[in-house]
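First up is the structure itself, then whatever we jot down about it.
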Amino acid sequence: MASDLRTCLPELRSRGLLPECCVAVYVSGSVARGWGNEDSDLDIYVVTADPWTGGAESTAPVVLEPNAVPVAATRVGRMRWEIEYWTESQADQLVRKVSWASFDRQLGAAEPAAALLPCELNFLERLPYAVPLTGEDWLAARRADVASSALASFAASHQLQQAEAFLEDAIGQLNAADLHSSVLSAKMAFGHSVDALLASHGEVGRSWKWRARRFQEVRQDVLAFDEYWGLETMRSYDPDNPSRWVEEVVRTCRKIFFEVVF
């Protein structure tokens, strides 16, 4: 992959997609992590001192200043490249947003702030395995910031809140003999519970399509992969007795709740 990435900067420059002065440019996402396939996008992050004023196909909302991240796209050969343009200030604000001081304030708040927006979480989650094209020192410093932050605790806490809400629904629906709804709520509760477990071990991503890959990256003694995969794929589900599967999910979720530390 490294030899392929050498062409990224010249290619971006020739297409007018690279600012003159960049703080850092790096590749991340599934391709950088080695999980990509021939149809995967190449996710490129460009960090600048000033906001990007070049062409952009869309913007991604962030609760930062500026409050949007321009996103450009181009196709190089068969591969689609997606380029996000972040300012250095936005990155610094985002790191402060997941500081331990911020986490402690939210734990004590009557109404905790909303979870990180998808664009914000992706930016932070993808830093550890990013491949720098330029600005190695900047990337190393931001990685260190995130490693010492409360990001994992933020993510685990949010996932647990979601899991508990769906689990409560599943139990209530089961007691009301609304079995189809109970199965769907239990499935949602299980997904959020597993994501909480993974987040507590540093795998903070939310994308369900990579959950099995993220699970295999984590060392933990709470849930074996085969047990996880059996419930994820509903291997033991019996259409004639849905309540048995729901009850199994409820037990597993509660076991996870007891073990997750943030």
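The values are calculated or read from the model by the stated rules, or taken from the named source; none is laboratory data. Keep in mind it's a predicted model, so treat the numbers as computed, not measured. No Cβ is skipped: glycine too gets one built from the backbone with ideal geometry, and neighbour counts run over all protein chains shown. Surface areas here come from the heavy atoms of the whole protein model, side chains and all, with no ligands, DNA or RNA. Shrake-Rupley method; radii C 1.70, N 1.55, O 1.52, S 1.80 Å.
Give the residues of the stretch 74-95 that are loosely packed, with under 15 Cβ neighbours inside 10 Å and of a type outside the set (Lys, Arg), sorted by residue number.
Across the stretch 74-95, the qualifying residues are Val76, Gly77, Asp92.
What is the residue count in the stretch 212-262 for residues that are assigned to a helix (DSSP H, G or I) and not acidic (Asp, Glu)?
25
Do any residues in the stretch 177-190 that are in contact (Cβ under 8 Å) with a residue 12 or more places away in the chain have Cβ atoms under 9 Å from those of residues that are surrounded by fewer than 18 Cβ atoms within 10 Å (Cβ to Cβ) and among the acidic types (Asp, Glu), where the two are at least six apart or on different chains, and which pairs are they?
That search, which allows pairs on different chains as well, returns Ser185/Glu168; Ala186/Glu247; Ala186/Glu248; Lys187/Glu232; Ala189/Glu164; Ala189/Glu168; Phe190/Glu232.
So, of the residues in the stretch 1-35 that are open to solvent by less than 40 Å² (accessible area, probe 1.4 Å) and in a loop (DSSP other than H, G, I, E, B), which turns out to be nearest to Gly205 (Cα to Cα)?
Looking at residues that are open to solvent by less than 40 Å² (accessible area, probe 1.4 Å) and in a loop (DSSP other than H, G, I, E, B), I get Gly29.
Residue check: is Leu198 in contact with a Lys or Arg (Cβ under 6 Å, 6 or more places away or on another chain) and surrounded by 14 or more Cβ atoms within 10 Å (Cβ to Cβ)?
Considered against the rule, which asks whether it is in contact with a Lys or Arg (Cβ under 6 Å, 6 or more places away or on another chain) and surrounded by 14 or more Cβ atoms within 10 Å (Cβ to Cβ), Leu198 comes out as yes.
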